[in-house]
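> Right, I'll just put the structure down here and ask away after.
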Amino acid sequence: KILVTGALGQIGSELTNRMREVYGSDNVIATDIRETDSPVVKNGPFEQLDVTNGEKMFDIAKTHNVDTVIHLAALLSATAEAKPLLAWNLNMGGLVNALETSRELGCQFFTPSSIGAFGPSTPKDSTPQDTIMRPTTMYGVNKVSGELLSDYYFTKFGVDTRGLRFPGLISYETLPGGGTTDYAVEIYYEAIKHNEYTSYIGEGTYMDMMYMPDALNAIIDLMEADGSKLEHRNSFNVSAMSVAPEDIAGAIRVHQPDFKLDYKVDPVRQSIAESWPNAIDSSAAMNEWGFKAEYDLAKMTSDMLDKLKTK
Ligand code: VAH
């Protein structure tokens, strides 16, 4: 039985549906802070849960005989920068509760880290798996702390904790909220609606990105990997591409030649983006559990535009 927190979010909504297909609907208990009319609520068990409520999280996990916790509920980078104390309390409080629940019930555990865990002093190109990490955002502080805390629960308590440093994730089901890389999702929606987009991230700003199907496969592949073969646990770098806004626009123009891109840079999210790497090295994930991304920029763009047109 799998408990998912943040199951109505950008990753959670698709991961819940995918895990219900793979493991059976009744075996994936979706939770989020409020109930909506999302298919995630309708096509399997759903419980309302604020992850800062540790007792309620434990009770839900115990009641449902959960043996795996997928902890996704968190505030993303831009929101965290606007409300740093709320971000600390929610991101770290929720994480401790999820780790404690996993420890007490002997669950396998997953939570995502991010390229946001790196800072300006980190090597920006081919960013190594093991390198200096001095993030300058509250979100980055949360992610590095989360990686260290998850490693601690493994070494100290034997909890089978695992995690991935995700790049920006691009998807067409559920919009991200409050991220810095959200421009790379918005651009596709705007391409369909208005054939133009004004980017809040400046020209030439490179960040790692990945299409959601590859992210879902990476989570499931990591969780099903033989733990004895993992040299790392809670922080595998995984990326499918390194792109700047103009690269995405170029890929869109293959389908919509007149697509227009212009810029209105948001200084806050631009500075967050500039503190992150341009392109990370995913070789540890490839070597230790066979990570492989299926979608490059061209393939992702073609699928995104197709699916959004239908939507
Ligand atoms: C954000 N989408 O922008 C998230 C993610 C790497 C980016 O952490 O905050």
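> Treat each spin label as a single point 7 Å out from the Cα along the C-beta direction, and report the residue 217 to residue 268 distance in nm.
3.6
> Then there's this: How large is log10 I(q)/I(0) at q = 0.17 Å⁻¹ when the Debye formula is applied to the Cα atoms of the range 161-257, each weighted equally and without solvent?
-0.79
> Further question on the same structure: Over all distinct alpha-carbon pairs, what is the Kirkwood Rh of the range 261-311 in angstrom?
On the way: mean 1/r = 0.0690 Å⁻¹.
Every distinct Cα pair counted, the radius reaches 14.5 Å.
> For a Förster distance of 30 Å, can you work out the FRET efficiency between the beta-carbons of residue 26 and residue 226, rounded to the nearest 0.05?
0.65
> Run the paramagnetic zone check for residue 62: 7 angstrom along Cα to Cβ, then residues of the range 154-173 with backbone nitrogen under 20 Å.
Residues 159 fall inside that zone.
> Let me ask something else. Per residue and in cubic angstrom, what volume does the convex hull of the Cα atoms of the chain have? Walk me through the intermediate numbers first.
On the way: hull volume 37.2 nm³, N = 311.
Enclosed volume per residue, from the Cα hull, is 120 Å³.
> A further question follows. Tell me the accessible surface of residue 157 in square angstrom (1.4 angstrom probe, heavy atoms of protein chains only), to the nearest ten.
90
> Provide the per residue accessible area, probe 1.4 Å, for the chain, rounded to a whole number of square angstrom.
Details: 12840 Å² over 311 residues.
Per-residue value: 41 Å².
> Which ³J(HN,Hα) values in Hz, rounded to whole numbers, follow from the phi angles of the range 91-106 under the Karplus curve 6.51 cos²θ - 1.76 cosθ + 1.60, where θ = phi - 60° and Gly and Pro get x?
5, 7, x, x, 5, 4, 4, 5, 5, 5, 4, 5, 5, 5, 9, x
> Enumerate the calculated ³J(HN,Hα) couplings along the range 112-118 in order (Karplus 6.51 cos²θ - 1.76 cosθ + 1.60, θ = phi - 60°), each rounded to whole Hz, writing x wherever the residue is Gly or Pro.
Listing the rounded values in order: x, 9, 7, 4, x, 6, 8 Hz.
> So which trypsin sites (Lys or Arg not before Pro) in the range 1-107 end up in coil per DSSP with only 15 or fewer other C-beta atoms within 10 Å? Walk me through the numbers before you get to the answer.
Numbers: sites: 1, 18, 20, 34, 42, 56, 62, 103; in loops: 1, 34.
Passing both the DSSP loop test and the Cβ count: 34.
> How large is log10 of I(q)/I(0) for the range 1-84 at q = 0.24, 0.25 Å⁻¹ when the intensity is taken from the Debye formula with one equal scatterer per alpha-carbon?
-1.14, -1.22
> Would you mind checking 260/292; 124/260; 42/309; 143/299; 62/83; 1/56 for any pair whose Cα atoms are more than 21 angstrom apart? Before the final figure, lay out the partial values.
Values: 260/292 32 Å; 124/260 29 Å; 42/309 25 Å; 143/299 30 Å; 62/83 32 Å; 1/56 17 Å.
260/292; 124/260; 42/309; 143/299; 62/83, as the Cα separations exceed 21 Å there.
> Okay, moving on. Above 19 angstrom, tally the Cα pairs of the range 27-183 and express them as a % of all pairs, no decimals. Don't skip to the end; give the middle numbers.
Details: 7032 of 12246 pairs.
Value for the range 27-183 (Cα pairs over 19 Å): 57 percent.
> As a test of reading the structure, rank 209, 286 by solvent-accessible area (1.4 Å probe, protein chains only), most first.
Working: 209 0, 286 100 Å².
Output order, biggest surface exposure first: 286, 209.
> I'd like the Karplus ³J(HN,Hα) series for the range 24-41: coefficients 6.51, -1.76, 1.60, θ = phi - 60°, whole numbers in Hz, and an x wherever there's a Gly or Pro.
x, 3, 5, 8, 10, 8, 8, 9, 7, 5, 9, 7, 10, 8, 4, x, 4, 6
> Compare the Cα positions of 107, 201, 216 along the charge dipole of the chain (+1 at Cβ of Lys, Arg; -1 at Cβ of Asp, Glu; about the Cα centre) and return the one farthest towards the positive end.
Projecting each Cα onto the dipole axis, the largest value belongs to 107.
> Related question: Could you work out what % of the accessible surface of the chain is carbon and sulfur, using a 1.4 angstrom probe and leaving DNA, RNA and ligands out of the count?
On the way: 6500 of 12840 Å².
The C+S portion of the solvent-accessible surface of the chain is 51 percent.
> Mind putting a number on the dipole of the chain about its Cα centre? Charges go on the C-beta only, +1 for Lys and Arg and -1 for Asp and Glu, and I need it in Debye to the nearest 20.
Numbers: 27 positive and 43 negative charges, 63 e Å.
Charge dipole, the chain, about its Cα centre: 300 debye, nearest 20.
> Then there's this: Give me the distance between the Cα centres of the range 79-105 and the range 207-229, rounded to whole Å.
First find each Cα centre; the distance between them is then 22 Å.
> Give me, ordered by chain and number, the residues 5 or more places off residue 127 or on other chains with an amide H under 5 Å from its own placed amide H.
Amide H neighbours of residue 127: 279, 280, 281.
> Counting DSSP beta bridges in the chain, what percent are antiparallel, to the nearest 5?
Details: 3 of 32 bridges.
Restricted to the chain, the bridges split so that about 10 percent are antiparallel.
> Expressed as a whole number of Å, what is the distance separating the alpha-carbon centroids of the range 243-299 and the range 112-155?
20
> Dividing the Cα convex hull volume of the range 96-234 by residue count, how many Å³ per residue is that?
With only Cα atoms used, the range 96-234 gives 135 Å³ per residue.
> For residue 237, which sequence-distant residues (separation of 5 or more, or a different chain) have an amide H within less than 5 Å of its own amide H, given hydrogens modelled in the peptide plane?
Amide H neighbours of residue 237, under 5 Å, 5+ apart: 165, 285.
The values are calculated or read from the model by the stated rules, or taken from the named source; none is laboratory data. What you see is a predicted model; the values in this text were computed from it and never measured. Here the Cβ is made from the backbone with ideal geometry for all residues, glycine too, and neighbour counts use every protein chain on show. Ligands, DNA and RNA are stripped out before the accessible areas are found, and what is left, the full protein with its side chains, is counted by its heavy atoms. Shrake-Rupley method; radii C 1.70, N 1.55, O 1.52, S 1.80 Å.
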